[in-house]
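The structure appears below as structure tokens.
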Amino acid sequence: MTIQWFPGHMTRARRQIQDKLKLIDLAIELLDARVPLSSRNPMIDEILQHKPRLVLLNKSDLADPEATKRWIEYFAAQGLQALPIDAVAGNPSREIIQRSKQLLSAKIEAQLRKGMKPRTLRGLIVGIPNVGKSTLINKMAGRKIAATGDRPGVTKGQQWIKVGTEMELLDTPGILWPKFEDQVVGYRLAATGAIKEEILHITEIALFAMRYLVGNYPEALKERFSLESLPQDPEDTDAVVAVMEEVGRKRGALLSGGRVDLEKASIAILRELRAGKLGRISMELPEEVLEFQGTDLR
Ligand code: G4P
């Protein structure tokens with residue numbers, strides 16, 4: 001799904017989430033484990049104010065476990081608990097409830113001290129399009145929740161979904177926008193499939209992904225596409241394009257006359273990367289982001 005975000009949409013999306021903050025005990029921020037910061041809304045701290053927050057690194061089945069471990073440390077250093085999940089194959093409900101209770105333990109204990117029965121925890125899932133919000137809501141609900149207008153600014157009546165006996169979720173997630181100003185963020189999101197191709201050119205996205213793979217996952221790349229050797233320098237565009245052409249030849253992406261159809265080759269490369277055929281690959285590491293952003297961690 002592609003959403004064209006305009007300033008009006010952003011303002012409305014933000015206001016909708018802020019209206020819901022009054023109703024909830026905690027926010028559940030869903031990120032893509034392969035690109036946690038690129039899939040994060042740039043204003044999230046401001047939007048969620050001081051609401052207790054649990055960070056979920058979804059699609060962790062597709063992410064490099066080593067990188068995910070480093071991301072968990074990265075978030076912990078910022079005082080945020082991050083939990084890797086797989087909303088498709090796993091059922092993270094129990095762990096989410098347990099972590100939420102930990103996060104809200106002071107409030108729960110205060111209720112117990114007053115002799116009150118702790119209230120059901122109320123949560124709101126928030127995240128940018130395609131991180132898996134609906135998949136997670138359906139999984140936690142144990143049934144398919146009717147799709148709503150998944151567009152910024154489209155609302156319907158508010159409903160609570162029971163997750164076991166201890167938690168309730170708002171049935172519509174808070175939809176946020178990604179950080180557009182940064183071109184690398186756009187490419188990372190496009191490479192992982194969060195942004196559809198119309199916005200960026202498919203060969204550019206595949207070139208970006210291929211450079212990253214040459215630099216960070218050369219063995220996985222060689223193995224998947226049976227490549228003998230790879231360029232030494234991922235910045236060497238001609239050499240990286242030559243690898244894309246070689247893959248294209250192997251995948252039968254040819255034009256009449258036998259030349260490689262680079263667009264078709266790009267589609268094949270991205271399809272296989274996104275489906276996890278090259279193994280578990282993360283496209284962003286905390287140290288790269290810190291280097292890129294200087295001292296500004298957010
Ligand atoms: P959204 O509500 O945040 O927009 O996301 P949604 O649940 O629609 O999920 C987007 C795509 O991501 C879906 O694939 C979904 O199956 C997939 N997905 C969600 N969680 C996980 C996960 O933990 N692991 C993996 N591997 N995939 C996950 P789709 O319907 O095929 O859509 P698309 O791939 O065509 O975008």
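Checking each residue in segment 120-136 for being of a type in the set (Lys, Arg) and part of a helix (DSSP H, G or I) picks out only Lys133.
Given the residues Glu272, Glu263, Glu198, Glu204, which is the only one that is of a type in the set (D, E, K, R), more than 23 Å from the chain's Cα centre (by Cα) and either surrounded by fewer than 21 Cβ atoms within 10 Å (Cβ to Cβ) or over 23 Å from Leu62 (Cβ atoms) (or both)? Steps first, answer last, please.
On the way: Glu272 fails: more than 23 Å from the chain's Cα centre (by Cα); Glu198 fails: more than 23 Å from the chain's Cα centre (by Cα); Glu204 fails: more than 23 Å from the chain's Cα centre (by Cα).
Matching residue, one of Glu272, Glu263, Glu198, Glu204: Glu263.
Residues in segment 49-61: is at least one assigned by TED's automatic domain parsing to the domain that holds Gly142, among the acidic types (Asp, Glu) and assigned to a loop (DSSP other than H, G, I, E, B)? Yes, there is a match, as at least one residue in segment 49-61 is assigned by TED's automatic domain parsing to the domain that holds Gly142, among the acidic types (Asp, Glu) and assigned to a loop (DSSP other than H, G, I, E, B). Among the residues of segment 23-55, those that are within 9 Å of the chain's Cα centre (by Cα) and within 14 Å of the ligand (Cβ to nearest atom) comprise Leu30, Leu31, Asp32, Ala33, Arg34, Val35, Pro36, Ser39, Arg40. Looking only at residues in segment 121-169 that are more than 13 Å from the ligand (Cβ to nearest atom) and under 19 Å from Met43 (Cα atoms), the one that is modelled with the lowest pLDDT is Gly153.
Pairing each residue of segment 50-69 that is in contact (Cβ under 8 Å) with a residue 24 or more places away in the chain and under 15 Å from Gln81 (Cα atoms) with any residue that is away from the ligand (no atom under 16 Å from the Cβ) and part of a strand (DSSP E or B), provided the two are 6+ apart or on different chains, yields C-beta distances under 8 Å for Lys51/Leu26; Pro52/Leu26; Arg53/Leu26; Leu54/Leu26; Leu54/Gln81; Val55/Gln81.
The values are calculated or read from the model by the stated rules, or taken from the named source; none is laboratory data. Since we're looking at a predicted model, the values are computed, not measured. Backbone-built Cβ (ideal geometry, glycine too); neighbour counts: all protein chains shown.
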